[in-house]
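J.: Following this message is one structure expressed as structure tokens.
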Amino acid sequence: MNNILMDADAMYPDGFHPVVLSGTPDYSASAKYKSRTTAGAKYYYVDFGISVHIPEAVSPKLVTGILGRDQDPPELSQTVPYDPFKLDIFIIGNMFKQEFYQVGVLYRNRLAFRLKFVQAFSNVEFLNELIVTMTRAEPADRPNAATALALWRGIRGTVGTVNREWRPRPRQERPVGSVIFDAISLHRVFMFFARSLVKRIAL
């Protein structure tokens, strides 16, 4: 993901090696690790070199420009002003789409190589509504940040605990890999419920 960084401090309480993440900072042992669902993680947007400052008193808040890593937004223009906040919504939704929901696969038919899209992970269908809403072609039809967040919270509430704890399952994963990694996920889910039960008993 471009220009999105993750703060993993909560996941590695004793720190981690900058190159080999599985090692301690001095690379003398394996780093203690907590899953994202257990420890949580923060994500930051970086690289604001082409950002525009719009004073609060200015209205409407519009910009022009075509620079940026994501060239999919349809409104990008050097001459026609557009809403930069609705552009941000599109870019975030498009990131979900490209990183989690679909990937490009190059395949060859009888005549030439062609590019087709397939779903990156087989158990992230719940993201579809959010992605479609945030990447609508008409900026006015996209939600603002508060509405998008409320939509996500509503969707998240429909995802069961097991699915939240389960790993994203690659669509084109080898069967042997599926068995191994699903077993690891099953163990993680079991430990999650075990810890929850212990906490309830302690109360």
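The values are calculated or read from the model by the stated rules, or taken from the named source; none is laboratory data. All values derive from a computational prediction rather than experimental measurement. Don't worry about glycine lacking a Cβ; one is built from the backbone with ideal geometry, like all the others, and counts go over all protein chains shown.
J.: Go through segment 31-61 and give me each residue that's of a type in the set (Gly, Ala, Ser), surrounded by 11 or more Cβ atoms within 10 Å (Cβ to Cβ) and at negative phi.
T.: Ala31, Ser35, Ala39, Ala41
J.: List, please: which pairs have Cβ atoms under 6 Å, are six or more places apart or on different chains, and start with a residue in segment 184-203 that is without any contact (Cβ under 8 Å) to a residue 60 or more places away in the chain and on the phi < 0 side of the Ramachandran plot and end with one that is of a type in the set (Phe, Trp, Tyr) and surrounded by 10 or more Cβ atoms within 10 Å (Cβ to Cβ)?
T.: Short answer, once both residue conditions are applied: Ser185/Trp166.
J.: Same structure again: Restricted to segment 1-41, and to residues that are under 21 Å from Arg167 (Cβ atoms), in a loop (DSSP other than H, G, I, E, B) and of a type in the set (S, T, N, Q), which residue is modelled with the lowest pLDDT?
T.: Ser35
J.: Among the residues of segment 53-89, write down those that are under 23 Å from Leu149 (Cα atoms) and part of a strand (DSSP E or B).
T.: Residue satisfying the conditions is Tyr82 alone.
J.: Taking the residues in segment 31-54 that are hydroxyl-bearing (Ser, Thr, Tyr) and under 24 Å from Ala10 (Cβ atoms) as candidates, determine which candidate is farthest from the chain's Cα centre (by Cα).
T.: Per the criteria, the residue is Tyr33.
Okay, residues lined up against (1) under 20 Å from Val189 (Cβ atoms); (2) of a type in the set (S, T, N, Q); (3) touching a Phe, Trp or Tyr at 6+ places or on another chain (Cβ under 8 Å):
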{"site": "Phe126", "(1), (2), (3)": "yes, no, no"}
{"site": "Asn144", "(1), (2), (3)": "no, yes, yes"}
{"site": "Arg153", "(1), (2), (3)": "no, no, no"}
{"site": "Thr161", "(1), (2), (3)": "yes, yes, yes"}
{"site": "Arg164", "(1), (2), (3)": "yes, no, no"}
{"site": "Arg169", "(1), (2), (3)": "yes, no, yes"}
{"site": "Glu173", "(1), (2), (3)": "yes, no, yes"}
